[in-house]
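Enquirer: Okay, here's the structure, questions in a sec.
The values are calculated or read from the model by the stated rules, or taken from the named source; none is laboratory data. These numbers were taken from a predicted model, which means no experiment stands behind them. Glycine also receives a Cβ, built like all others from the backbone with ideal geometry; neighbour counts cover every protein chain displayed. Please note that ligands, DNA and RNA were not included when accessible areas were found on the heavy atoms of the full protein model with its side chains. Shrake-Rupley method; radii C 1.70, N 1.55, O 1.52, S 1.80 Å.
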Amino acid sequence: VQLVESGGGLVQPGGSLRLSCAASGIIFSPYTMGWFRQAPGKQRELVATITSAYTTNYISDSVKGRFTISRDNAKNTVYLQMNSLKPEDTAIYYCKPMGSPYWGQGTQVTVSS
């Protein structure tokens, strides 16, 4: 199983990024997919989840109204659109098929002026 996150980088406060996570070696479509993040010195936290039927069933209060999770089952890919980024969004972002033991390598997001 491979989960490859991409799209991270350095962005100024107020900016936007779109993260992607491409899955292979797994039957992607039945899984609820999640995005997590881990900031330096903090525990990994759940950011958002989306069901196999394209329903967002969880979004963290800290990103509500700014982040949107989506997926494309035909491409085995889940996305995280991040708008109005804040310095406190700085973290490594990971995707995960919920309930599975699999993690990607993560993509670094740094929000700084």
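Enquirer: Return the residue satisfying two criteria in turn: it lies in the range 89-107 and is closer than 18 Å to Gln2 by Cα and not in a loop (DSSP other than H, G, I, E, B), and of such residues it is most open to solvent (accessible area, probe 1.4 Å).
Expert: The residue in question is Ile92.
Enquirer: With the range 1-88 as the region, which strands (runs of 3 or more DSSP E) entirely inside it contain at least 3 residues that are open to solvent by 50 Å² or more (accessible area, probe 1.4 Å) and touching a residue at least 12 places away in the same chain (Cβ under 8 Å)?
Expert: 2-6, 56-59
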